[in-house]
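Note sheet for the following structure.
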Amino acid sequence: MTAEENSKAPNSYWYAGASAGSAVEVLQALRRFHAADAGMRRRLKADMDMNETDLSALRHLIAAEPSGHAIGPTDLTRKLGISSAATAKLLGRMARTGHVRREPNPLDRRAQLLYATTKAHHEVHKSLGSMHERMFVVAAGLPADQQQAVIRFLDLLSAAVDAPGGSA
């Protein structure tokens, strides 16, 4: 049996004896998506010559922009779950590569505010733009009731994964 056949088998390691074949198929489809997403992230790291933490930092900076909420080094340390020393090294590295711009905080000139640079935005769009367009077409192609069902399912699944008692 090939890996693909095994991933589509109704009774797999976690669901042996499960009678809800459709539920198992949904979870297996989610695993296939997760594998595709992990592959995309590996390609992005190679395309942008960044490690996972650098990409995560860039994602947080870009995500904060539309709300106008600037992120400082302390915020980034907390979001990434790394030490302040590791954050300082990360910011130095990303500033040298031209992906992050540091500016003095106008309310406290001793503090810094962090921004993704135009170069970072360009590289992200170059690497991910067409994929996001394809994903949008797929999502927009679902009828509204199916979109709401997918949203509800993914939100409930996220809560189940985030619940205490998960992996250590």
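The values are calculated or read from the model by the stated rules, or taken from the named source; none is laboratory data. Model, not experiment: these values are computed from the prediction. All Cβ positions, glycine included, derive from the backbone under ideal geometry; neighbour counts span all protein chains shown.
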*Would a scan of the stretch 50-70 turn up a residue that is surrounded by fewer than 16 Cβ atoms within 10 Å (Cβ to Cβ) and in contact (Cβ under 8 Å) with a residue 40 or more places away in the chain?*
yes
*asked:* Restricting to the stretch 28-71, give me the number of residues that are among the small types (Gly, Ala, Ser), closer than 17 Å to THR117 by Cβ and at pLDDT 90 or above.
replied: 4
*Filter the stretch 37-49 down to residues that are within 15 Å of the chain's Cα centre (by Cα), touching a residue at least 60 places away in the same chain (Cβ under 8 Å) and surrounded by fewer than 16 Cβ atoms within 10 Å (Cβ to Cβ), then give me how many there are.*
2
